[in-house]
Structure formats: C-alpha cells, structure tokens
1. For Thr96 paired with Glu41, estimate the spin-label separation in nm (one decimal), with each label point 7 Å from Cα along the Cα-to-Cβ line.
2. Calculate, in nm to one decimal, what Glu79 and Glu30 gain on full extension: separation in residues at 0.36 nm each, minus their alpha carbon distance.
3. Using only helices, what value at 222 nm comes out for the chain when you add -39,500 (n - 2.57) per DSSP H run of length 4 or more and divide by the total residues, to the nearest 500 deg cm²/dmol?
4. Whenever you get a sec, line up Asp55, Asp146 from highest to lowest accessible area (probe 1.4 Å, protein heavy atoms).
5. Full extension from Ala15 to Lys138: what is 0.36 nm times the residue separation minus their Cα-Cα distance, to one decimal in nm?
6. For Met49 and Glu123, what does the FRET efficiency come to when R0 = 30 Å and r is the distance between their Cβ atoms, rounded to the nearest 0.05?
7. What whole number of Å gives the distance from the Cα centroid of the stretch 1-74 to the Cα centroid of the stretch 109-160?
8. If you plug each phi of the stretch 150-156 into the Karplus form 6.51 cos²θ - 1.76 cosθ + 1.60 with θ = phi - 60°, what whole-Hz ³J(HN,Hα) values come out, in order, with x for Gly and Pro?
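The values are calculated or read from the model by the stated rules, or taken from the named source; none is laboratory data. Worth saying up front: this structure is predicted, and the values here are computed from it rather than measured. No Cβ is skipped: glycine too gets one built from the backbone with ideal geometry, and neighbour counts run over all protein chains shown. The area values use the complete protein model at the heavy-atom level, side chains included, leaving out ligands, DNA and RNA. Shrake-Rupley method; radii C 1.70, N 1.55, O 1.52, S 1.80 Å.
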Amino acid sequence: MESEGKIVFTEEQEALVVKSWSVMKKNSAELGLKLFLKIFEIAPTTKKMFSFLRDSPIPAEQNPKLKPHAMAVFVMCCESATQLRKTGKVTVRETTLKRLGANHSKYGVVDEHFEVAKYALLETIKEAVPEMWSPEMKVAWGQAYDQLVAAIKAEMKPSD
C-alpha cells in the first residue's frame, strides 16, 4: 500500500519481517543458495541468464560464484524489507538500484521472472522459519518483495 508516495507497512508487518530475518540472518548463504536453486527448479531457463552458470560444467549448487551472489541477493531482499516501515521506502543505495535495474533489463528479466523469484523467496522463508510462518507473515514478506521489485523496475530502461 502507498499513501502520498510513502509505503504503508504496518508495525505488525514490520515485526513479523524483523523477527523472521533475525532468525534467518545467520544462515544467509545457505538460504540464498536455496532461493536460487528453487528459482532454477521452477524456471530452468533462468540459469542461462547468469554468465557464470551459462557455460559451466559444474552443477549450479557447486558453482563457487553462485553462493556469494545468492547470499547478496537474499540479504538485500531481507534488509530492504526490515527498513520498509522505518523509512517508508525501499532502502537500497541508489547506485545499487540503478545497477540492478540496468542488469535486470540487460539480461531480459520480465515480470514472470520476478513472480517466480517471489514464490521462491516466500517458500525459502517458510521453510527457514516454519514455526513462525503464518498467512500474515506471507503477506508482509510478499508486500516487502513487491516494493523492492517496483523500485528495481523503476530503474529498468526499456532496451532499444
């Protein structure tokens, strides 16, 4: 939800996100890898979007470049979510957002890819904190993810 340009993220939503992130943080590398492996399982062609996976004979889960990338993406999604209520906007450095927008555009990321990633993220979080998971938590994380994606899409320039 937005109100006069500011994102409305309730105190309850923030609490759910912060509480679950505090549990998941220590396993960021493993959870990030799980997230990407879920994405590749759902949409195998997305693997080709990553230059370091495209021609690699190494299985994705063993590729030394995937884990750090996956962890960075997972941490960015989660940290951005925890800041949403406090700041009223997605807090990722502007240069990072511009780079994310340019890269996602360059590699041909479309709405369906963002939807697959959202589903994979929610499943990854659900599996990481099953005792905390609830419909309300799903909505909170989903809304936070949607805001991050909207910020990235705003920086995606249509390719000529």
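1. 2.7 nm
2. Values: separation 49, 0.36 × 49 = 17.64 nm, distance 1.64 nm.
Going from the current span to full extension adds 16.0 nm.
3. Values: 7 runs with 106 residues, N = 160.
Computed ellipticity for the chain at 222 nm equals -21500 deg cm²/dmol.
4. On the way: Asp55 135, Asp146 65 Å².
Largest accessible area first, the list is Asp55, Asp146.
5. Numbers: separation 123, 0.36 × 123 = 44.28 nm, distance 1.27 nm.
In short, 43.0 nm is gained.
6. The pair Met49/Glu123 has a calculated efficiency of 0.90.
7. The two parts, judged by their Cα centres, are 9 Å apart.
8. 4, 5, 5, 4, 5, 9, 7
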